[in-house]
């Protein structure tokens, strides 16, 4: 097994918080904040999920209900520190820390050295429990952005070491990897209950800290089930919790221009959101956000023919659909931001001062204001 010495981490963050951020009236279909304010925050990220991907998911199920589309919403510009197309490392870091950085950097400023405070650090300072659930490996770019610091998203050892020694994350959940298995001893030495079996999760639920690297993670329904189990643990904290959920496979299948799999992955995300809302019920102490780190593929989908669109996609509902991928890479297309349980004043954010458009780093400001319950 791999061994290492714990590192002292110095968090440096320079960011000016807005004096007016939000918490006002409820979003469409939402509940107003409780008298005690927002207690829990759940952030759901569809990696690579633009508007076209959401439309594909809806059309595949004959326009199945996507309730989050009716929440208070805006669009998000996702460009990185240089104004270029972001990767998941820089995109995730912007959301997790409120700071734009360079592609490939995880939790670091553009100098490649300054370690940025994450939203999980903010939550833990307020005695909240924290969790990350992903359909990807736990050390991949998006979950790493919320829990690690590394000059390269490919530096797996540094990321895992950072995650289990200084991340301030109580529960990790992702698919199995040999790299995580190599660290089993160290994971347990740092207080985490280590689990490799989806069926064995229940045996770890009483542990204060948990690290699930799952060999038999169900492809379609696994995210929903894992999130339900994680919430069942986190909700026991009277101080509340912060949970980050990633549907990572949307991005992967958009890179392949595989629309059928892309649509199924978006359905997986929507099913997970619906499960979260079912748990929420009549509670008014929780904010839920659905967004993306970037768009992948330049996907557009429509129900009528247009030049350049393909019609070889057979939807699950057998509806006629036409689509077009512009590339197999990330794009600069704006993505959606949907929030339930609070109403940000988007026009007060410094980047665009518009009601319909924010910068990706400003998602962090929204998260921080919610967690700290600042009016």
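No lab work stands behind these numbers, since they all come straight from the coordinates. In this text the structure is predicted, and so the values were computed from the model without any measurement. So basically every Cβ, Gly included, is an ideal-geometry build from the backbone, and we count neighbours across all protein chains shown.
Results, tabulated for the structure shown:
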| item | result |
| --- | --- |
| Gyration tensor (alpha-carbon) shape descriptor, the chain, a/c threshold 1.5 | rounded |
| Label point distance in nm, residue 304-residue 258, each placed 7 Å from Cα along Cα→Cβ | 3.3 |
| Length added when fully stretched, residue 152-residue 282, from 0.36 nm per residue minus Cα-Cα | 42.5 nm |
| Fluctuation leader among 208, 90, 193 - the chain, Gaussian network, Cα springs under 10 angstrom | 208 |
| Cβ-based exposure ranking for 304, 203, in which fewest neighbours within 10 Å come first | 304, 203 |
| Residue order, fewest to most surrounding Cβ atoms within 10 angstrom, among 371, 164 | 371, 164 |
| Length released on extending from residue 70 to residue 196, taking residue separation times 0.36 nm less the Cα-Cα span | 41.6 nm |
| Relative contact order, percent, the range 233-375 [alpha-carbon distance under 8 Å, six or more residues apart] | 21 |
| Added length on full extension, which subtracts the Cα-Cα distance from 0.36 nm per residue, residue 203 to residue 236 | 10.2 nm |
| DSSP bridge pairs, the chain: antiparallel proportion in percent, nearest 5 | 35 |
| Residue order, fewest to most surrounding Cβ atoms within 10 angstrom, among 167, 300, 129 | 300, 129, 167 |
| Helical contribution to [θ] at 222 nm, DSSP H n ≥ 4, -39,500 (n - 2.57), averaged over the chain, rounded to 500 | -8500 deg cm²/dmol |
